[in-house]
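As structure tokens, the structure follows; a few thoughts come after it.
The values are calculated or read from the model by the stated rules, or taken from the named source; none is laboratory data. Predicted model only: the values in this text are computed from it and were never measured. Don't worry about glycine lacking a Cβ; one is built from the backbone with ideal geometry, like all the others, and counts go over all protein chains shown.
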């Protein structure tokens, strides 16, 4: 779950989920479910249209203090002027291809913004490449 506190400088840089999650393929989807209003003032997600048609792009690790991504990963090979904001009401969702380029801006309002994110992967995915924790349904133990 991504929780962005009010009036902080926390953000998510332009990136591809495939790179962030250590995947060798972009053949997966990432659903985002808005638990609170997701507007421009709340630091909504923006995406670069049709960016999923590119390959997985090189990213630079910045380790930016305010970047919510673990290594501050950022991709810079695209036209940011083409970005489209994804405005969502609570309960609405957006589904993204693993190679699409999204970002989340810092919040400008006094309320918390919460979003639940998960990933839908093909059966051929490799657990060794997935950097997020998951729950093994057979053992009920959390794994990395």
Original post:
Which fully enclosed strands (runs of 3 or more DSSP E) of region 52-144 have 3 or more residues being at pLDDT 85 or above and more than 21 Å from residue 41 (Cβ to Cβ)?
Top reply: 93-97
Original post:
Where residues in region 33-51 are part of a loop (DSSP other than H, G, I, E, B) and modelled with pLDDT of 90 or more, which of them is farthest from residue 99 (Cα to Cα)?
Top reply: 49
**OP:** Looking only at region 30-41, decide whether some residue is buried (at least 16 other Cβ atoms within 10 Å of the Cβ) and either within 11 Å of residue 15 (Cα to Cα) or in contact with a helix residue (DSSP H, G or I) (Cβ under 6 Å, 6 or more places away or on another chain) (or both).
**Re:** yes
